[in-house]
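First up is the structure itself, then whatever we jot down about it.
Readers should treat all values here as calculations from the given coordinates under stated rules, not as data from a laboratory. Bear in mind the structure is a predicted one, so any value in this text is a computation, not a measurement. Cβ sites come from the backbone with ideal geometry, for glycine too, and all protein chains shown count toward neighbours.
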Amino acid sequence: MSWRRLKLGAAGVAFVGVLLGLFAHGRAHRPTAQEVLRAVNGAYEDLRPIPRRIDMRFRTRMKSEGQPETITHGEARVYQVDRRIRFETLPDSMKVESDGPAGPRVLAGGELLWVHDGSILRTRYTMQNADPGAPPIVHETLIDHTRVPEEFGSRYTDPMAEPELAAEILAHPFTLTREPWNGTAMEVLRSEGPILFSDRSRVAMRLWVDPEDHLVRRVESETTHRAPGADTTQSIEMQAEYVYHLQVPIEDSAFELALGPQAKDMTEALLEDARAKAPVKP
């Protein structure tokens, strides 16, 4: 792959070069879980300048106290160049279901589009109306990341795109095994217990990493989160799979999205959540 010939970023230069050399000599050294985690971040940093498309399949299950479970599944395409990102679900692919005593029931279909131009994240969620004759319901939000301190991490910038690993993940212990997936032997990382992101948010995860290029092909996670001011918590289970296409032509207009006057600014809500972030040990 052409990205391997790029100059490696500072985060991955020392280890990734040694690791690739060891693989080339019969894998005399088995990497540790922490080495693989750092190699993942090095690989994604090297991809930054390369125009690329990521085909994504996802499924989430949301549980809230006193509410029926909600399942959302669909397919999406993610376009990225440097820090600019466009995430869009494929037409008619996203469905929202309620998993009640009578079994799954389709509540609605919809489309999700969000665009990050390097500074502002703009999101539009269009949901089918329960009334067949009524227009669709549109929710629009924005987050101004120029007001978000850099130390709060990239997870506030890339909500569903490539899984660049936050400092909390790199500092957390993981187990490492090798397991087959889709006909390929993968390095599988499993967090040892939940990863604490704040006093309101924690996540347990598994990552399937391709040992040849250190890109994540599959993620499974379970997040427990309590929104600011809320008395109850939500549990969100997610599975996602990724297929990468490099050197894809992308127009600058792909990273533009005009929102209506009703769009809600969520920057302060994000900052409130980020300020509760637990300290991370170096």
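In nm, to one decimal, how far is the modelled label at Glu75 from the one at Arg226, with both set 7 Å along Cα→Cβ?
4.0 nm
Can you compute the FRET efficiency between Asp199 and Ser253 using 1/(1 + (r/R0)^6), with r the Cβ-Cβ distance and R0 = 51 Å? Round to the nearest 0.05. Could you put the intermediate results ahead of the total?
Values: r = 41 Å, r/R0 = 0.81.
The pair Asp199/Ser253 has a calculated efficiency of 0.80.
Any chance you could run the full-extension gain for Leu113 through Asp144? It's 0.36 nm times the residue separation minus the Cα-Cα distance, nm to one decimal.
Contour length minus Cα-Cα distance gives 9.5 nm.
If each residue's Cβ is checked for other Cβ atoms within 10 Å, how do Asp131, Asp213 rank with the fewest at the top?
Least crowded to most crowded, the residues run Asp131, Asp213.
Calculate the FRET efficiency for Ser93 and Arg30 from the Cβ-Cβ distance with a Förster distance of 35 Å, rounded to the nearest 0.05.
Approximately 0.35, to the nearest 0.05.
Would you mind ranking Lys63, Lys264 by Cβ crowding within 10 Å, fewest neighbours first?
Numbers: Lys63 16, Lys264 12.
Ascending number of Cβ neighbours within 10 Å: Lys264, Lys63.
I want to check the label-to-label distance for Asp82 and Ala185. Put each point 7 Å from Cα in the C-beta direction and report it in nm to one decimal.
4.0 nm
Name the shape class, rounded, prolate or oblate, that the alpha-carbon gyration tensor gives for segment 49-275, where a ≥ b ≥ c are the square roots of its eigenvalues, rounded holds for a/c under 1.5, and otherwise prolate holds if a/b is larger than b/c and oblate otherwise. It would help to have the intermediate numbers written out before the result.
Working: a/c = 1.25, a/b = 1.14, b/c = 1.10.
Rounded.
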